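Quick one: the structure is below, questions incoming.
The values are calculated or read from the model by the stated rules, or taken from the named source; none is laboratory data. Everything numeric in this text was worked out from a predicted model, so none of it was measured. Virtual Cβ from ideal backbone geometry, glycine too; neighbours counted across all protein chains shown. What goes into the accessible areas is simple: the full protein's heavy atoms, side chains included, and nothing from ligands, DNA or RNA. Shrake-Rupley method; radii C 1.70, N 1.55, O 1.52, S 1.80 Å.
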Amino acid sequence: MKYTQNLSPDERKMMRSVFWRSWTMNASRTGATQYHALGVIYTLLPVINKFYKTKEDRAEAIVRHTTWFNATMHINNFIMGLVASMEKKNSEDPDFDTSSITAVKASLMGPLSGIGDSFFWGILRVVAAGIGISLASTGSPLGAIVFLLLYNIPAFIIHYYALYGGYSVGANFIERMYESGGMKILTKVSSILGLMMMGSMTASNVKFQTILQVSVKGSKEAMKIQTYLDQLFIGIVPLAVTLVSFWLIRNKKVNVNWVMLGIMVLGIILGMCGIC
Amino acid sequence: MLTNALLAALAVFICFAGNYLTGQSMMERPLVVGLVTGLLMGDMRTGILMGASLEAIFLGNVNIGGVIAAEPVTASVISTTFAITSGVSTSAALTLAIPVGMLAAFVVMFLKNVFMNIFAPVLDKIAREGKEKQIVALHYGTWIIYYVIISSISFIGIYAGSGPVNEFVKTIPQNVMNGLNAAGGLLPAVGFAMLMKLLWDNKLAVYYLLGFILTAYVKLPAVAVAALGIVICVAVAQSEIRFNKMASEGVAGSANKTAMTAEEEEEDFFS
């Protein structure tokens with residue numbers, strides 16, 4: 001816990017309060033113009049109360065944070081830590097430019113969410129769900145529990161270090177990570193893991209079975225088309241359907257709902273023709 | 001039916017509102033929603049199986065930047081409730097989840113972007129006045145209001161929808177039902193397609209195929225594929241780091257030879 005060593009007991013208490021409040025940051029809703037601004041204010045109240053003594057200063061700090069805020073959960077704590085350290089500086093230094101606090105929030109939201117969304121939603125959740133689904137498919141309640149644990153244990157650790165890291169390291173950390181090329185490697189290997197899990201889950205979760213049979217002259221038994229499909233390549237139809245959907249969504253920019261509707265219509269047509 | 005409708009609304013509230021109170025802990029995912037709904041409705045096994053299938057369908061339905069195509073919680077609760085309480089086959093219930101999810105997504109988008117705006121001036125006012133207690137109250141108050149409204153969608157859906165849905169399902173001919181089952185089997189493809197959009201890189205596409213083959217042919221369980229994936233990731237990261245080091249040394253090395261003519265460089269290239 002190298003981050004907490006430099007903090008005074010008072011600051012430690014404040015940060016602990018911020019840490020627990022930050023879990024509810026995305027809970028409240030005040031519409032599209034503010035998004036999670038209310039959650040941000042709620043999270044930062046201990047910081048504002050500690051560093052500002054007069055009612056006017058506190059109100060000013062609260063108003064400053066009523067601006068639109070939305071960033072990926074957990075990684076958004078890095079911004080909270082950063083903002084907390086800037087509020088501290090602002091309370092000590094009368095020449096501090098308060099617009100830089102808003103600027104840091106606005107400029108970090110996008111890039112951090114980009115990393116956060118693909119890591120939390122694209123990789124961590126997918127790996128956890130892959131394992132969870134395979135357990136739950138047997139009817140075991142362990143599926144959901146393992147899924148929650150696999151997702152939330154890493155998330156909790158990141159949630160913690162993002163906050164304290166942001167508070168003590170500062171804004172140039174992200175820049176250094178980009179310059180050293182570490183970010184590129186991280187993106188690449190996480191994509192590899194994500195894609196492997198995608199492939200594995202396509203094979204186990206997309207299902208297709210045709211009941212079509214062709215009777216052949218001279219042979220007593222009808223030939224099952226499914227057997228031939230399996231000899232060609234196991235799961236060729238699910239793989240093809242997935243890749244076509246992917247191509248439609250990514251390259252043709254077709255709305256997802258249309259693709260879903262298309263598959264439902266395809267299924268009904270296949271059923272009416274007696275193929276499935 | 002009233003009890004079922006109330007239990008369905010409760011399941012939505014527990015999973016959806018709970019999810020946002022615990023830092024988006026993924027309680028809102030069908031895998032968990034299915035289990036919770038199953039427990040409340042008294043048929044845990046069906047709930048879990050529905051959850052597993054729905055998770056695959058809605059896997060790609062990620063809530064990025066606040067835009068969602070379908071709302072998985074309401075979809076999971078309503079379709080699981082139908083599967084448990086009205087004897088609709090699980091595959092047919094799965095296809096029901098899609099239109100329900102889209103409809104719910106529309107309501108949710110309207111709620112969070114338009115309706116909840118009525119609280120924005122309230123926040124502005126209490127922020128100017130620095131009233132902290134009101135801020136805390138507004139934070140949890142809007143949380144309750146928002147998710148109670150969302151839960152009521154499921155209440156209405158189950159309370160009013162069960163009769164018509166049952167009647168409708170009875171009149172569907174068998175081959176259409178088979179088709180719906182087939183569609184239910186293929187629908188997860190869309191979920192994976194959406195996620196792949198997030199991760200895809202033409203150079204890394206072979207890893208998708210690797211994952212597919214390991215499961216379809218080698219029949220490895222998901223845990224083994226994930227573990228193997230981590231091994232590959234570490235190996236790739238190590239070689240990338242070595243490559244980065246070599247590249248930076250190479251840059252430093254070539255900087256000493258800036259006097260090299262174009263011809264010499266060409267020779268160097270072909271040697």
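Taking each residue of A:61-70 in turn, how many C-beta atoms of other protein chains fall within 10 Å of its C-beta, and what is the average?
Per-residue shielding by partner chains comes out at 3.
Hey, another quick one. For chain A, what is the relative contact order in percent, using Cα pairs closer than 8 Å and at least 6 residues apart in sequence?
That works out to 15 percent.
Using the Cβ atoms and a cut-off under 14 Å, what net charge is assigned to the surroundings of A:LEU149, where Lys and Arg are +1 and Asp and Glu are -1? Intermediate results must be reported in sequence, preceding the final value.
Details: positive: A:ARG125, B:ARG29; negative: none.
Summing Lys/Arg as +1 and Asp/Glu as -1 gives +2.
What distance in nm separates the simple spin-label points at B:ASN113 and A:ILE153, each placed 7 Å from Cα in the Cβ direction?
Calculated label separation equals 3.9 nm.
Per 10 Å bin, what is the whole-percent P(r) computed from every C-alpha pair distance within the protein assembly as shown?
4, 16, 24, 23, 17, 10, 5, 2, 0, 0
I want the local charge near B:PRO72. Using Cβ-Cβ distances under 10 Å, sum +1 for each Lys or Arg and -1 for each Asp or Glu among the other residues.
For residues surrounding B:PRO72, the net value is -2.
Something else: Rounded to the nearest 0.05, what FRET efficiency is calculated for B:VAL122 and A:SER100 with R0 set to 41 Å and r the Cβ-Cβ distance?
0.90
Say the cut-off is 30 Å between C-alpha atoms; which of A:LYS89/B:LYS197; A:LYS188/A:LYS252; B:LYS112/B:LYS203; A:LYS88/B:LYS197; A:LYS188/B:LYS112; A:LYS253/B:LYS245 go over it? Let's see the in-between values first.
Numbers: A:LYS89/B:LYS197 42 Å; A:LYS188/A:LYS252 25 Å; B:LYS112/B:LYS203 39 Å; A:LYS88/B:LYS197 41 Å; A:LYS188/B:LYS112 35 Å; A:LYS253/B:LYS245 39 Å.
Result: A:LYS89/B:LYS197; B:LYS112/B:LYS203; A:LYS88/B:LYS197; A:LYS188/B:LYS112; A:LYS253/B:LYS245 exceed 30 Å.
Counting C-alpha atoms alone, how compact is chain A: give Rg to one decimal and Dmax as a whole number, in angstrom.
26.0, 97
Right, next: Run down the lysines and flag those whose C-alpha is under 19 Å from the C-alpha of B:LYS219, throwing out any fewer than 8 positions away in its chain.
Those lysines meeting the cut-off are A:LYS207.
So, counting K/R as plus one and D/E as minus one, what does the shell of residues with Cβ under 13 Å around B:LEU31 add up to?
So the surrounding residues net to 0.
Note down the accessible area of B:PHE82, probe 1.4 Å, to the nearest 10 Å².
10 Å²
Okay, moving on. For every helix of n ≥ 4 consecutive DSSP H residues, a contribution of -39,500 (n - 2.57) applies; sum these over chain B, divide by its total residues, and give [θ] at 222 nm rounded to the nearest 500 deg cm²/dmol.
My calculation for chain B gives -26000 deg cm²/dmol from helical runs alone.
If you don't mind, there's one more thing I want to ask. Under unit Cβ charges (Lys, Arg +1; Asp, Glu -1), what dipole magnitude, rounded to 20 debye, does segment A:197-276 have relative to its Cα centre?
Once rounded to the nearest 20, the dipole reads 160 debye.
Could you run the Karplus curve 6.51 cos²θ - 1.76 cosθ + 1.60 with θ = phi - 60° over segment A:154-166 and give me ³J(HN,Hα) per residue in whole Hz, x for Gly and Pro?
x, 4, 4, 4, 5, 3, 5, 5, 4, 5, 5, x, x
Just by accessible area at a 1.4 angstrom probe, what is the order of A:PHE96, B:PHE115 from largest to smallest?
Values: A:PHE96 40, B:PHE115 75 Å².
My answer, sorted largest first, is B:PHE115, A:PHE96.
Follow-up question, since we're still on this one. So what is Rg over Rh here for segment B:118-168, counting just Cα atoms and using Kirkwood for Rh?
Working: Rg = 17.9 Å, Rh = 13.3 Å.
Reported Rg/Rh (Cα atoms, Kirkwood Rh): 1.35.
Order B:VAL225, A:VAL237, most accessible first, counting only protein heavy atoms with a 1.4 angstrom probe.
Descending order: A:VAL237, B:VAL225.
From largest accessible area down, sort A:VAL206, B:VAL206, A:VAL214; use a 1.4 Å probe on the protein chains.
B:VAL206, A:VAL214, A:VAL206
Which of rounded, prolate, oblate describes segment B:2-200, given a ≥ b ≥ c as roots of the alpha-carbon gyration tensor eigenvalues and a/c under 1.5 marking rounded, otherwise prolate only if a/b is larger than b/c?
Values: a/c = 2.24, a/b = 1.70, b/c = 1.32.
It is prolate, given that a/c is not under 1.5 and a/b is the larger ratio.
I've got another one for you. Roughly how much of B:THR22 is accessible, in Å² to the nearest 10, using a 1.4 Å probe?
Here the accessible area works out near 60 Å².
Would you work out the relative contact order for chain B, in percent, from Cα pairs under 8 angstrom that are 6 or more residues apart? Let's see the in-between values first.
Details: 249 pairs, mean separation 57.5, N = 271.
For chain B, the relative contact order is 21 percent.
Once the whole set of protein chains is in place, how much accessible area is left on A:CYS276, using a 1.4 Å probe, in Å² to the nearest 10?
10 Å²
Would you mind checking which residues have amide H under 5 Å from A:MET223's amide H? H placed 1.01 Å from N; only 5 or more apart, or other chain.
A:VAL214, A:SER215, A:VAL216
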